[in-house]
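The values are calculated or read from the model by the stated rules, or taken from the named source; none is laboratory data. Quick caveat, the model's predicted, so the values are computed rather than measured. Positions of Cβ are backbone-derived with ideal geometry, glycine not excepted, and every protein chain shown enters the neighbour counts. Just so you know, the surface numbers come from the protein's heavy atoms only, side chains and all, with ligands and any DNA or RNA stripped out. Shrake-Rupley method; radii C 1.70, N 1.55, O 1.52, S 1.80 Å.
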Amino acid sequence: MPELPEVETIVRQLNKKVIGLKILDAWTDWPRTIKTHSLIKFKKEIKGLKILRAHRRAKYIMMDLSEGKTLIIHQKISGHLLYGKWIEKNQISNIKNQNYKLKIKNDLKLKNQKWVGLEPEALWQDPFNRHIRFLLFLNNGKMLGLSDLRRFGKVFLGDTEKIEHINEIGRLGPEPLDAGFNFKKFRELFRNKKGKIKQVLMDPFFIVGIGNIYSDEILWFSGIHPEHRTESLKEAELKKIFKYMKSVLNKAIDAKGDSQQDYRTLDGGFGNYQNMTMAYQMTGEKCKKHDGGVIKRIKVGSRSAHFCPVHQK
Ligand SMILES: [Zn+2]
């Protein structure tokens, strides 16, 4: 599932690509994706609105539109937002590039899909980009598309002023990378908070944006066992978690996120954090601290945790 760095990457790229463009129409073959409207009403309401800016709250992508509206997309488990050009499969014969046309026709994996990615080529070359469930048509001839294999992605449209009333947004915990979110505020969160540190870090009502990947990474750097009880964390340990939470998330944003699974960048390309992981999905590998440890996987709650039993006791 995309976490803070993956969503932040998409938002930064949206701000470079789609600001000032108008939305002309919408399409979906999975209308329940749109949580606030029927497809007919959604199309009517969004038509002609201009995209003013993109921003992020937790793992929600938000696009402020003209007329005081905000479009919100949550990519959930396997969804990722893409920007480019698609054509309907039955229009393939109109493609001018003969090589490309042949490649698409020969590709049996395209069998069940209505839309074929035209540009950039990663939209059709990479199977993870081919599950288009939702499209927004823009006035420059391009589109925003949600590729979502498992169909859990969600779209909301509402008044910009009332965003906190949409879904769970108003109840979410603080943003770990906010400039004003200092150690004092972080430590305050732990007062009366009981649980295993990995689970607590992954709770969006405690702090947002940290999931399975980055909780493993933060705890590896901090030298803390994923099942360590929050009640018994010492001040020095909390300081480490706070420091590495910021540095790991920033490093992952610089790497444009982790594409080990479904997530891709806005142009369908790969993020790079999967080449930099220290613990996540590294079971059986030697710890990169060269302390003789071998990364181990255990269950913490319903999720797996990866850690080094030597320096994360
Ligand atoms: Zn180690």
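Here are the numbers for this structure:
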{"quantity": "Lys96 in contact with a strand residue (DSSP E or B) (Cβ under 7 Å, 6 or more places away or on another chain) and open to solvent by 40 Å² or more (accessible area, probe 1.4 Å)", "calculated": "no"}
{"quantity": "Odd one out for Ile298 among (1) within 16 Å of the ligand (Cβ to nearest atom); (2) open to solvent by less than 10 Å² (accessible area, probe 1.4 Å); (3) outside any loop (DSSP other than H, G, I, E, B)", "calculated": "(2)"}
{"quantity": "Residue check for Leu81: buried (at least 19 other Cβ atoms within 10 Å of the Cβ), of a type outside the set (Lys, Arg) and not in a loop (DSSP other than H, G, I, E, B)", "calculated": "yes"}
{"quantity": "Flag if Met282 is free of Cβ contacts under 8 Å to residues at least 60 places away in the same chain, within 23 Å of the chain's Cα centre (by Cα) and surrounded by 15 or more Cβ atoms within 10 Å (Cβ to Cβ)", "calculated": "yes"}
{"quantity": "Every residue from region 57-77 that is touching a helix residue (DSSP H, G or I) at 6+ places or on another chain (Cβ under 8 Å) and either closer than 19 Å to Ser147 by Cβ or open to solvent by less than 30 Å² (accessible area, probe 1.4 Å) (or both)", "calculated": "Ala58, Lys59, Tyr60, Ile61, Met62, Met63, Asp64, Leu65, Thr70, Leu71, Ile72, Gln75"}
{"quantity": "Within region 301-313, tally of residues that are without any contact (Cβ under 8 Å) to a residue 40 or more places away in the chain, more than 9 Å from the ligand (Cβ to nearest atom) and more than 27 Å from the chain's Cα centre (by Cα)", "calculated": "0"}
{"quantity": "Helices (runs of 4 or more DSSP H) contained entirely in region 191-272, each with at least 2 residues that are closer than 14 Å to Glu3 by Cα", "calculated": "212-222, 235-254"}
{"quantity": "Residue within region 225-245 that is open to solvent by less than 40 Å² (accessible area, probe 1.4 Å), within 16 Å of the ligand (Cβ to nearest atom) and within 25 Å of Glu8 (Cβ to Cβ) present", "calculated": "yes"}
{"quantity": "Extreme residue, nearest to Asp216 (Cα to Cα), among residues of region 280-295 that are part of a loop (DSSP other than H, G, I, E, B) and near the ligand (Cβ under 9 Å from one of its atoms)", "calculated": "Ile295"}
{"quantity": "In region 301-313, residue most open to solvent (accessible area, probe 1.4 Å) [restricted to those that are in a loop (DSSP other than H, G, I, E, B) and of a type outside the set (D, E, K, R)]", "calculated": "Ser302"}
{"quantity": "Given (1) over 26 Å from Val116 (Cα atoms); (2) of a type outside the set (Val, Ile, Thr); (3) over 12 Å from the mean Cα position of the chain (by Cα), index of the condition Arg56 fails", "calculated": "(3)"}
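Let's see how each residue does on (1) of a type outside the set (A, V, I, L, M, F, W, C); (2) under 14 Å from the mean Cα position of the chain (by Cα):
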| site | (1), (2) |
| --- | --- |
| Glu235 | yes, no |
| Leu238 | no, no |
| Phe242 | no, no |
| Met245 | no, no |
| Ala252 | no, yes |
| Ala255 | no, yes |
| Gln260 | yes, yes |
| Leu266 | no, yes |
| Gly271 | yes, yes |
